[in-house]
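A.B. asks: Let me give you the structure first, and then I'll get to my questions.
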Amino acid sequence: MIPLIGLIAGIVLGIVLEPSIPQVLQPYLPIAIVAAMDALFGAFRAYLEGIFTDRIFVVSFISNVLIAAAIVYVGDQIGVGSQLATGVVVVLGIRIFTNAAAIRRALFHA
Amino acid sequence: MTQRGRTSTSVRRGAQHRGQAAEPTTAQQPPPMSQMPDASMDLLNQISRQPVDPDYALAAARGTDSSGGRWTLGLLAIIIGALFAVAALQTTRAAPALQSERSELISRVQTAEREQDQLRGRVTTLTQEIATLRAAALGDDDAARVVESRIDALDPVVGNVAVDGPGVLIVVDDSPSAAADARDRVLDIDLQVLANGLWEADAEAVAINGHRLSGLTAIRSAGDAITVDYRSLTRPYRVEAIGNPRTLQARFVESSAGAWWNDLAQNRRMRYEISDVKQLDLAADPGIVLRRAGRATS
């Protein structure tokens, strides 16, 4: 319950406060969000399988976001930023879909 | 590697739990290397085989106590929500900015075009002024009259002055199937052939969509459009030519340009209409400038 309330509170806070992201970090925000979604879906699936652990989720989320942003940052420095971003999105996208399918099967048995 | 092995066994155990109808993505045992259809697909296979962080299973097996993480989890959820909201806000903010940037560019282009028109008009005025000054400078003797008559004969041919008179109007356009086949479109070379054919048929003055052609006019394609004097044309293309009304059309049709366009009209079904016109008014070519001037040695 806490995560759901936190998520909604975060969205409301973000809309109300409108914190400005530094210009330098702006290109990495979408990638960070995709990584966050991946961590979220993974966590939810782990929760449904009964093996969810807070600590693992926190660590996996932070490392996911940081690594995804770092990959894109390094790619930007060597001139293949958009390609690496595509790679990150593809890999995380596959995981999101797989996890979402498993969640759907676990929830609706279909 | 031991970690990965342990995860797959635990997942498989879970699958057996739920019976045979378990999901294939997790229940599938990793196939042995010899049966692998393509070893390079291993990365994608592994991603879909092991989508959940293996540490979850590990921690669950260890039975880690997680009471302290509740508040961290809530904080993280708030951060994630804020991330979503901020990113969505920024994207929706950026859309009108892009739109206004685009419309500003368009208005800048239009301003530049208006300025260009003004400058062209100024060129025409100044050309007329040059003609007046020239006439005044030449004076009124016999030699001057010879020069003036030569100027009068050459001016219309080079496109330096506006002319009117009878002539032909040729309207050409892409064929209806141009969207499907790029070869059915009118190309710059087609208009070049058309203009050259008209010169060949002794046309005195030629204009395409109101742009007077001179010996220095470039007919080229730029992007999707054909440009005359570096100004893009819009379809259909109206080619006007002033010349001897009795011979111009016949001679054009007989020329190689006429054959070229007959071929285009018949085989590519392009629009190609040629008609006599009693009165055509062609403006001067504003692109003509004085390139060489010298003091008369008389």
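The values are calculated or read from the model by the stated rules, or taken from the named source; none is laboratory data. These figures come from a predicted structure and were not determined experimentally. Positions of Cβ are backbone-derived with ideal geometry, glycine not excepted, and every protein chain shown enters the neighbour counts.
A.B. asks: Output the residue which, of all residues in segment A:14-28 that are assigned to a helix (DSSP H, G or I) and surrounded by fewer than 18 Cβ atoms within 10 Å (Cβ to Cβ), is farthest from the other protein chains (Cβ to nearest Cβ). Walk me through it before giving the result.
C.D. replies: Here is the first cut: in segment A:14-28, the ones assigned to a helix (DSSP H, G or I) are A:14-17, A:26-28.
This time we only want the ones that are surrounded by fewer than 18 Cβ atoms within 10 Å (Cβ to Cβ), so: A:15-17, A:26-27.
Numbers: A:I15: 5, A:V16: 9, A:L17: 8, A:Q26: 7, A:P27: 11 Å.
Among residues in segment A:14-28 that are assigned to a helix (DSSP H, G or I) and surrounded by fewer than 18 Cβ atoms within 10 Å (Cβ to Cβ), the one farthest from the other protein chains (Cβ to nearest Cβ) is A:P27.
A.B. asks: Okay, next question. If you go through segment B:149-186 one residue at a time, how many are in a strand (DSSP E or B) and either without any contact (Cβ under 8 Å) to a residue 24 or more places away in the chain or more than 32 Å from the chain's Cα centre (by Cα) (or both)?
C.D. replies: 5
A.B. asks: Kindly evaluate B:V109 against the criterion of being at pLDDT below 90 and either in a helix (DSSP H, G or I) or assigned by TED's automatic domain parsing to the domain that holds B:I219 (or both).
C.D. replies: Judged against the criteria, B:V109 is not a match.
A.B. asks: Something else about it: Quick one: how many residues across segment B:275-298 are hydrophobic (A, V, I, L, M, F, W, C) and either surrounded by fewer than 16 Cβ atoms within 10 Å (Cβ to Cβ) or on the phi > 0 side of the Ramachandran plot (or both)?
C.D. replies: Our first condition is that a residue be hydrophobic (A, V, I, L, M, F, W, C); within segment B:275-298, this holds for B:277, B:280, B:282-284, B:288-290, B:293, B:296.
Applying the additional criterion that residues be either surrounded by fewer than 16 Cβ atoms within 10 Å (Cβ to Cβ) or on the phi > 0 side of the Ramachandran plot (or both) yields B:277, B:289-290, B:293, B:296.
Total meeting the criteria: 5.
A.B. asks: Same structure again: Looking at segment A:46-56, which of its residues are in a helix (DSSP H, G or I) and more than 7 Å from chain B (Cβ to nearest Cβ)?
C.D. replies: Listed by number, the residues that qualify are A:Y47, A:L48.
A.B. asks: Filter segment A:88-110 for residues that are surrounded by fewer than 16 Cβ atoms within 10 Å (Cβ to Cβ), touching a residue at least 12 places away in the same chain (Cβ under 8 Å) and within 15 Å of the chain's Cα centre (by Cα) and give the result.
C.D. replies: A:G93, A:A100
A.B. asks: Taking B:I226 as meeting all but one of (1) at pLDDT below 85; (2) under 24 Å from B:P286 (Cα atoms), write down the number of the exception.
C.D. replies: (1)
A.B. asks: Starting from segment B:227-243, take each residue that is under 19 Å from B:A203 (Cα atoms) and list its partners that are among the hydroxyl-bearing types (S, T, Y) and surrounded by 16 or more Cβ atoms within 10 Å (Cβ to Cβ), counting only C-beta distances under 8 angstrom and pairs at least six apart or across chains.
C.D. replies: B:V228/B:T217
A.B. asks: Only one residue in A:V72, A:V65, A:V59 is crowded, with 21+ Cβ neighbours inside 10 Å and within 10 Å of another protein chain (Cβ to nearest Cβ). Which one?
C.D. replies: A:V65
A.B. asks: Right, something else. List the pairs whose first member sits in segment B:269-298 and is within 29 Å of B:D117 (Cβ to Cβ), whose second member is in a loop (DSSP other than H, G, I, E, B) and acidic (D, E), and whose Cβ atoms are under 9 Å apart, counting only residues at least 6 apart or on separate chains?
C.D. replies: What qualifies is B:R271/B:D174; B:D285/B:D229; B:P286/B:D229; B:G287/B:D229.
A.B. asks: Hey, another quick one. Take segment B:135-175 and flag every residue that is assigned by TED's automatic domain parsing to the domain that holds B:L216 and among the hydroxyl-bearing types (S, T, Y).
C.D. replies: B:S175
A.B. asks: Do you know which residues across segment A:1-60 are β-branched (V, I, T) and either touching a residue at least 24 places away in the same chain (Cβ under 8 Å) or under 17 Å from B:W71 (Cα atoms) (or both)?
C.D. replies: Scanning segment A:1-60 gives A:I2, A:I5, A:I8, A:I31, A:V34, A:T53, A:I56, A:V58, A:V59.
A.B. asks: Sort through A:A43, A:A36, A:A85, A:A9 and tell me the only one that's assigned to a helix (DSSP H, G or I), more than 9 Å from chain B (Cβ to nearest Cβ) and modelled with pLDDT of 85 or more.
C.D. replies: The unique qualifying residue is A:A85.
A.B. asks: A further question on this structure: I'd like to know if segment B:114-125 contains one or more residues that are at pLDDT below 85, assigned to a helix (DSSP H, G or I) and not charged (D, E, K, R).
C.D. replies: Yes, that holds for at least one residue.
A.B. asks: How many of the residues in segment B:156-212 are buried (at least 17 other Cβ atoms within 10 Å of the Cβ) and among the acidic types (D, E)?
C.D. replies: 5
A.B. asks: To continue, here is another question. Let me confirm something: among B:L264, B:L191, which residue is closer than 30 Å to B:A153 by Cα and touching a residue at least 24 places away in the same chain (Cβ under 8 Å)?
C.D. replies: On the way: B:L264 fails: closer than 30 Å to B:A153 by Cα.
Of B:L264, B:L191, the one residue that is closer than 30 Å to B:A153 by Cα and touching a residue at least 24 places away in the same chain (Cβ under 8 Å) is B:L191.
A.B. asks: Moving to a separate point now. Go through segment B:254-290 and count every residue that is within 16 Å of B:V206 (Cα to Cα) and of a type in the set (A, V, I, L, M, F, W, C).
C.D. replies: Adding up the residues that qualify gives 8.
A.B. asks: Moving to a separate point now. Within segment B:253-261, does at least one residue satisfy the condition of being modelled with pLDDT of 85 or more, within 18 Å of B:A178 (Cβ to Cβ) and crowded, with 21+ Cβ neighbours inside 10 Å? Let's see the steps before the verdict.
C.D. replies: Restricting attention to segment B:253-261, the residues satisfying the condition of being modelled with pLDDT of 85 or more are B:253-261.
From what's left, within 18 Å of B:A178 (Cβ to Cβ): B:260-261.
Subset that is crowded, with 21+ Cβ neighbours inside 10 Å: B:261.
Scanning segment B:253-261, I find at least one residue that is modelled with pLDDT of 85 or more, within 18 Å of B:A178 (Cβ to Cβ) and crowded, with 21+ Cβ neighbours inside 10 Å, so the answer is yes.
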